Amino acid sequence: MRTVVQHTKMRLPLILIIIFLSYQNSLSQDTNKREIRFPIWTFHENNVAIYGISVGAFSGYDSTQNTVSNGLRIEIPGVGALPGILMGNSSPLRDGDTITKGIKRKDFVFSEIINGINISTGSWGKMNYNGLTISLVAQHGYLTNGIAISGLINSTNKVNGISIGGVILNEALHHNGLQIGLLGNSSIIMFGVQIGVQNEAKTLEGLQVGLFNRTYKSKGLQLGLWNINEHRKLPLINWSF
């Protein structure tokens, strides 16, 4: 027992040194492209990396701001995705099959990258959420790695994780994980589970649970009042393998 404790004590300083060096390396990498700001700064300044708390309002207008928030980002008020969706110009589903594999992080330049927690009335733009993003009304982003929760609408090009939409829907061009929408979920490519009153996916590998489910090319199960896939229309349960 003493031997284990001694080894642990010896390893602890080494672990702390590794963490410190990794942090310094990340800072130096950011310094090459962005100015470092901490502990509180605004995300409206271009070409900055904020460590701590970033604050602002009405994001999404400057697509070239090149800002990274590491920690907590607070946006109140925020324009959200709702106005654009109602006008038909913020929906990722408008891209249809032109981006069949969604968005790859290394091939895309985002206006903002958020590593941590984002809280807003509605964030909108070429956003990359890594962690947890919570919107009171609606939010639109290009890439989500983690969890997205919105009171009305989640609209994202690519999701790796969980999206939870409230009153209206979740929509994604490419979704890997879990979609939960009070009224509905819609995806072009879906690998995982959709849960809602109405679910629709052009390509599905996984499970749909709702009152009305529809797929056009699928490998998986549909559980609901009425289920439609490329082979048949059935009540209660449908499948394609």
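Here are the numbers for the structure shown:
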| quantity | calculated |
| --- | --- |
| Residues with amide H under 5 Å from that of K219, placed H, sequence gap 5 or more | L204, E205, G206 |
| Distance cut-off 18 Å, percentage of C-alpha pairs in the range 105-235 lying past it | 48 percent |
| Contact order normalised by residue count of the range 109-241, Cα under 8 Å, 6+ apart, percent | 11 percent |
| Exposure of Y142 as accessible area (Å², to 10), given a probe of 1.4 Å and all protein chains | 60 Å² |
| Nonlocal amide H pairs with R37, under 5 Å, H built at 1.01 Å | A49, I50, Y51 |
| Charged-residue dipole, Cβ positions (Lys, Arg, Asp, Glu), the range 150-226 about Cα centre, Debye nearest 20 | 160 debye |
| Packing rank of 114-120, 149-155, where each peptide gets the mean count of other beta carbons within 10 Å, highest leading | 149-155, 114-120 |
| Accessible carbon and sulfur surface of the range 157-210 relative to its total accessible area, %, 1.4 Å | 73 percent |
| Net length gained if the chain between K33 and K217 were fully extended (0.36 nm per residue, minus Cα distance) | 61.9 nm |
| Neighbour net charge for N229 - beta-carbon separation under 15 angstrom, K R +1, D E -1 | +3 |
| Set K158/K233; K158/K202; K126/K217; K126/K219; K33/K126 screened for pairs whose C-alpha atoms are more than 21 Å apart | K158/K233; K126/K217; K126/K219 |
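The values are calculated or read from the model by the stated rules, or taken from the named source; none is laboratory data. Just so you know, these numbers come straight off a predicted model, no measurement behind them. When we count neighbours, we look across all protein chains shown, and the Cβ atoms used for this are built from the backbone with ideal geometry, even at glycine. With ligands, DNA and RNA removed, areas are computed over all heavy atoms of the protein, side chains included. Shrake-Rupley method; radii C 1.70, N 1.55, O 1.52, S 1.80 Å.
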